[in-house]
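Take a look at the following structure, please.
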Amino acid sequence: MENLLEIAKNPEPFEPGTKEIWLDPDRADFVLKSHLDENLPGGSRESSFIDETVDFINKVAPVEKYRKVIDLGCGPGLYSQKLATKGYSVVGVDFNKNSIDYATREAKLKNLSIDYKVEDITDFEIDNEFDLALMIYQLYSVFSPEDRKKILNNIHRGLKPGGLVLLDVLSETSFEKFEQNLMWGLSRKDNPLSDKKHLGLYASMKYPNKVTLQKSVLVFGDGELVNYHYWNQYFGIEDLEKEVNEAGFTLEKVYADVNGGDYESKCEFFAVVLKKK
């Protein structure tokens, strides 16, 4: 009971849970399925959107000039594969081995030469010169300010002069719409997180400085407790521009999304193209 009471406390911003869901072997199948099943909430974009994104990338960073690409947080390689078919030389990086193993198998089946690496992008040192770095599907938003600074500095070091970055983030509008709630209940047989019977405690909370937490606690009959934290930082354009400027980038242009849609002030997320100074 003491452990449950401790886990139930409100954590400090970006404090980790007892486990990282993306690395939990008991949730490996769920994580991979969330990438591949377009119908799952939080899953990857539909294939048509990914196609549009790759076409947009080829427009702002044509393969003739920006051939060498690093795809940070590549997951099962959905974007990396399509970029490779366009002629880009792609390195895909993700800390989820299950996703990288899947991506590697798919690349082999499709006869695509993609260099996949199992690495944590907050620690992985980019020691080659790249023309373009990708960090998409609002991945940048899940990291703490300290880790965002490390990632940007690492990307800056790994890019050639004039190299580009495409990333997208959650917006202030999305933060305003975020609903706080508390729920609990016994698991159903089709619960995606575990087929073992458990009590689930779920919380969605807003923090100062445009930060939110979605927290899940699973309480199993044998006393096992699992606690996942999913943090997000929300940005205004000026907020993001300040961060990237400090890391040595200029913000070249703002878009509604990573397929190049026109930006509007009420977008729930937005994408930017950055350029190494």
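The values are calculated or read from the model by the stated rules, or taken from the named source; none is laboratory data. Given the structure is predicted, the values throughout are model-derived calculations rather than measurements. Counting neighbours? That spans all protein chains shown, and the Cβs are built from the backbone with ideal geometry, glycine included.
So residue 4 fits all but one of (1) surrounded by fewer than 16 Cβ atoms within 10 Å (Cβ to Cβ); (2) within 30 Å of residue 209 (Cβ to Cβ); (3) modelled with pLDDT of 90 or more; what number is the exception?
(3)
So residue 41 fits all but one of (1) loosely packed, with under 11 Cβ neighbours inside 10 Å; (2) at pLDDT below 85; (3) outside the structural domain of residue 77 (by TED's automatic domain parsing); what number is the exception?
Only one criterion in (1) loosely packed, with under 11 Cβ neighbours inside 10 Å; (2) at pLDDT below 85; (3) outside the structural domain of residue 77 (by TED's automatic domain parsing) is unmet by residue 41, namely (3).
Tally up the residues in region 255-265 that are surrounded by fewer than 18 Cβ atoms within 10 Å (Cβ to Cβ) and part of a strand (DSSP E or B), please.
0
Sticking with this structure for a sec: All but one of (1) over 25 Å from residue 239 (Cβ atoms); (2) buried (at least 16 other Cβ atoms within 10 Å of the Cβ) hold for residue 132, so report the exception by its number.
(1)
For region 184-233, what are the residues that are assigned to a loop (DSSP other than H, G, I, E, B) and either of a type in the set (Gly, Ala, Ser) or outside the structural domain of residue 20 (by TED's automatic domain parsing) (or both)?
Correct list: 187, 194, 221, 223.
Restricting attention to region 140-161, does a residue exist that is aliphatic (A, V, I, L, M), at pLDDT 95 or above, over 28 Å from residue 9 (Cβ atoms) and not in a helix (DSSP H, G or I)?
Checking region 140-161: at least one residue is aliphatic (A, V, I, L, M), at pLDDT 95 or above, over 28 Å from residue 9 (Cβ atoms) and not in a helix (DSSP H, G or I).
Within region 163-185, track down each residue that is modelled with pLDDT under 95 and aliphatic (A, V, I, L, M).
Those that are modelled with pLDDT under 95 and aliphatic (A, V, I, L, M): 182, 183.
Another one. Scan region 76-100 for residues that are among the hydrophobic types (A, V, I, L, M, F, W, C) and under 19 Å from residue 258 (Cβ atoms) and jot them down.
78, 83, 84, 90, 91, 93
Output the number of residues of region 56-112 satisfying the condition of being at pLDDT below 95 and of a type in the set (Lys, Arg).
1
Kindly indicate the residue of region 107-129 that is among the hydroxyl-bearing types (Ser, Thr, Tyr) and in a loop (DSSP other than H, G, I, E, B) and also surrounded by the fewest Cβ atoms within 10 Å (Cβ to Cβ) among those meeting that condition.
Within region 107-129, the match that is surrounded by the fewest Cβ atoms within 10 Å (Cβ to Cβ) is 113.
So, one more: For region 49-80, name all the residues that are aliphatic (A, V, I, L, M) and part of a strand (DSSP E or B).
69, 70, 72
Just name the residue that is surrounded by the fewest Cβ atoms within 10 Å (Cβ to Cβ) out of those in region 67-90 that are touching a residue at least 60 places away in the same chain (Cβ under 8 Å) and over 18 Å from the mean Cα position of the chain (by Cα).
67
Determine which single condition residue 177 fails, assuming it passes every other condition in (1) closer than 15 Å to residue 243 by Cα; (2) in contact (Cβ under 8 Å) with a residue 40 or more places away in the chain.
The single condition residue 177 does not satisfy is (1).
Count, please, the residues in region 193-238 that happen to be closer than 16 Å to residue 19 by Cα and either in contact with a Ser or Thr (Cβ under 9 Å, 6 or more places away or on another chain) or of a type in the set (Val, Ile, Thr) (or both).
Total meeting the criteria: 19.
Now for a separate question. Out of curiosity, is residue 134 assigned by TED's automatic domain parsing to the domain that holds residue 81 and under 25 Å from residue 49 (Cβ atoms)?
It is true that residue 134 is assigned by TED's automatic domain parsing to the domain that holds residue 81 and under 25 Å from residue 49 (Cβ atoms).
Moving on to the next point. Return the only residue of 253, 242, 277 being modelled with pLDDT under 95, within 27 Å of residue 160 (Cα to Cα) and of a type in the set (Lys, Arg).
277
On the basis of being free of Cβ contacts under 8 Å to residues at least 12 places away in the same chain, polar (S, T, N, Q), surrounded by fewer than 17 Cβ atoms within 10 Å (Cβ to Cβ) and over 28 Å from residue 154 (Cα atoms), does residue 191 make the cut?
It is true that residue 191 is free of Cβ contacts under 8 Å to residues at least 12 places away in the same chain, polar (S, T, N, Q), surrounded by fewer than 17 Cβ atoms within 10 Å (Cβ to Cβ) and over 28 Å from residue 154 (Cα atoms).
Quick test for you: out of 252, 241, pick the one residue that is assigned to a helix (DSSP H, G or I), in the same structural domain as residue 162 (by TED's automatic domain parsing) and within 27 Å of residue 158 (Cα to Cα).
Within the list 252, 241, the selection yields 241.
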